[in-house]
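Read through the structure below, which is laid out as structure tokens, and then see the notes.
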Amino acid sequence: MASGFFQEIEKIRYEGEDSKNPLAFRHYNPDEVIMGKRMEDHLRFAVAWWHSFAWEGGDPFGGPTLERPWHPQDDMGRAKMKADIAFEMFDILGQPYFCWHDADIRPEQGNYADNLRTLEEITDYIGEKMQVSGTKLLWGTANMFSHRRWMGGASTNPDPDVFAFAAATVKSCIDATHKLGGENYVLWGGREGYETLLNTDMGAELDHMGRFLNMVVEYKHKIGFKGAILVEPKPQEPSKHQYDYDAATCIGFLRKYGLEDEVKLNLEQGHAILAGHSFEHEIATAVAEGMLGSIDMNRNDYQSGWDTDQFPNNTPEVALAYYHILKAGGFTTGGTNFDAKIRRQSIDAEDLIAAHVGGMDICARGLKAAAAMIEDGGLEAALEDRYAGWSSDTAQSMLSSGLDEITARVLAEDINPQPRSGQQEILENYVNRFV
Ligand code: XLS
Ligand code: NI
Ligand code: NI
């Protein structure tokens, strides 16, 4: 029986672009086939348990604003009520996936043995609900940043007992993810970094983090977990400096510790912005290295300079992100996780539903625009044309010669390159036809 939390909100339907119903999809039509695949199978949407159900609406200047019947989240009864409501929402939205941190789904009770027991109990409960609803787990992860024990880092903590607690915590979360058939396991190291170099041995911390991640991979193989291990880059916040700064930094780290074939990236729109990049830059960087795993979809406020985790509502940005994802062949184990929260004044259950409806619709619209650009082929043709010179034998053989041979040819042939337009405005105008 429904809890009544969502009152009379009914299952959200696709009504098409002309619909004026605020709680209907105008673009997200799960069964519509785009480039040979159902929209739902392209986008693989997931709800983030932490923002939608655990967050209480606090900010640095004020306490909770969201009064939910399952707050405070300090006992198992309320943890189960929270799970009940979560599955009601997945059903209303038709969301195929969800994601969690251990601390979002179980009460925080203190020592490791208690955390383990409550995690096992709640994931058994969630597992039963998954059987009934068909909603699946995109990824699980450990929250190793909220509790005070993690204030100096998890695997990078100067105290080896914290490293041990982190290892045991991640083991329990991979076990739970595996039990629930999760398709990925994520590590985001919010406090794997530093506040000041004055008290930080960066080399030692990076070595510990590298070994820790190798242990995660070894354990995954040991238990036969088939999902992908993903790390999530972010430059700072809560740390002043986070070691997993951006995609390129993570890729360098993974190569250094021999993990480039084992670990991929979970890229978040807002984190890309914080790192001074665009989202498509981060995606293209991962794609170029074969390391695109999954995405956390949200949007940052461009003025505030912190991770505001708003629901996406900018079609051109989203379209270019999916353009690079589609060009790379689309998601395999990954998906589109709404790592996004409503604003603290959006206190109604309806706000929570509307936020997801809008986010799903923007992503669907972006996906359709991206697919249309790929099918039209204009960007690809312009790119091929721009690099066409490199298809000649002379150009290719240059790459296996050396500076002196090239110089001899420049002199012999009197090579004197003529600049060509990069056509940026023409290409931007082209994109605007689709978004
Ligand atoms: C925080 C991160 C976090 C991860 C999961 O900024 O985005 O939510 O996705 O730990
Ligand atoms: Ni984030
Ligand atoms: Ni995230």
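Throughout, read-outs are computed from the coordinates displayed, never taken from laboratory work. For clarity, every value in this text was computed on a predicted model and none was experimentally measured. Note that we place each Cβ from the backbone using ideal geometry, even for glycine, and neighbour counts take in every protein chain shown.
Values computed for the structure shown
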{"read-out": "Square roots of 5 times each gyration tensor eigenvalue, C-alpha, region 99-243, largest first, Å", "value": "27, 16, 14"}
{"read-out": "DSSP H segments from the chain that extend 27 Å or more along their own axis, Cα-based, with Kyte-Doolittle mean of 1.6 or above", "value": "none"}
{"read-out": "Those aspartates and glutamates that a straight Cα-Cα span of less than 20 Å connects to residue 20, excepting residues fewer than 8 apart in one chain", "value": "8, 10, 350, 351, 361"}
{"read-out": "Relative contact order of region 98-232, pairs being alpha-carbon contacts under 8 Å that are 6 or more residues apart, as %", "value": "26"}
{"read-out": "Mean residue ellipticity (222 nm) of the chain, computed from DSSP H runs ≥ 4 via -39,500 (n - 2.57), nearest 500", "value": "-14000 deg cm²/dmol"}
{"read-out": "Gyration tensor (alpha-carbon) shape descriptor, region 126-201, a/c threshold 1.5", "value": "prolate"}
{"read-out": "Stretchable slack from residue 415 to residue 288, in nm (0.36 nm times residue separation minus alpha-carbon distance)", "value": "42.6 nm"}
{"read-out": "Per-selection Rg to Rh, region 391-435 - Cα, Kirkwood hydrodynamic radius", "value": "1.27"}
{"read-out": "Long-range amide H partners of residue 339 with built H, under 5 Å", "value": "297"}
{"read-out": "Residues whose placed amide H lies under 5 Å from that of residue 136, excluding near-sequence neighbours", "value": "97, 98"}
{"read-out": "Whole-Hz couplings from phi, Karplus 6.51/-1.76/1.60, listed for region 227-237; x for Gly and Pro", "value": "x, 8, 8, 10, 10, 10, x, 6, x, 6, 6"}
{"read-out": "Candidates 158, 233, 417: whichever shows maximal mean-square fluctuation once the chain is modelled as a Gaussian network with Cα springs under 10 Å", "value": "417"}
{"read-out": "Region 17-110, relative contact order [Cα under 8 Å, separation at least 6], %", "value": "30"}
{"read-out": "Greater than 21 Å apart at Cα, pairs in 82/220; 11/179; 11/136; 80/171", "value": "82/220; 11/179; 80/171"}
{"read-out": "Calculated log₁₀ intensity ratio I(q)/I(0) where the Debye formula runs over C-alpha points of region 1-156, q = 0.10, 0.11 Å⁻¹", "value": "-0.45, -0.54"}
{"read-out": "Residues of type lysines that residue 256 reaches as a straight line, Cα spacing below 17 Å, ignoring anything fewer than 8 places off in the same chain", "value": "264"}
{"read-out": "Base-10 log of normalised Debye intensity for region 264-328 (one unit scatterer per alpha-carbon) at q = 0.23 Å⁻¹", "value": "-0.93"}
{"read-out": "Net charge dipole size for region 258-326 [Lys, Arg +1 and Asp, Glu -1 on Cβ; Debye, nearest 20]", "value": "220"}
{"read-out": "Residues of region 360-388 with amide N under 20 Å of the 7 Å Cα→Cβ point at residue 430", "value": "366-388"}
{"read-out": "Virtual paramagnetic centre 7 Å along Cα→Cβ of residue 332, amide N under 18 Å, in region 235-253", "value": "251"}
{"read-out": "Gap separating the Cα centres of region 237-289 and region 9-77, nearest whole Å", "value": "26"}
{"read-out": "Dipole-positive endmost among 12, 334, 265 within the chain (Cβ charges, Cα centre)", "value": "12"}
{"read-out": "Gaussian network model of the chain, Cα within-10 Å springs - most flexible of 67, 40, 405", "value": "405"}
{"read-out": "Percentage relative contact order, the chain, counting C-alpha pairs under 8 Å, at least six apart", "value": "15"}
{"read-out": "Only Lys, Arg (+1) and Asp, Glu (-1) charged, at Cβ; region 1-127 dipole about Cα centre in debye", "value": "220"}
{"read-out": "Charge-dipole axis of the chain as Lys and Arg at +1 and Asp and Glu at -1 on Cβ define it, positive-most pick from 422, 113, 305", "value": "113"}
{"read-out": "Isotropic mean projected area of the C-alpha convex hull, the chain (nm²)", "value": "24.9"}
{"read-out": "R0 of 45 Å, Cβ-Cβ distance residue 2-residue 112: FRET efficiency to nearest 0.05", "value": "0.80"}
{"read-out": "Cβ crowding within 10 Å averaged over residues, with 192-202, 243-253 ranked highest first", "value": "243-253, 192-202"}
{"read-out": "Column: log10 I(q)/I(0), Debye, Cα scatterers of region 281-425, q = 0.09, 0.11, 0.18 Å⁻¹", "value": "-0.47, -0.63, -1.12"}
{"read-out": "FRET E, pair residue 164, residue 249, Förster distance 35 Å, beta-carbon r, rounded to 0.05", "value": "0.85"}
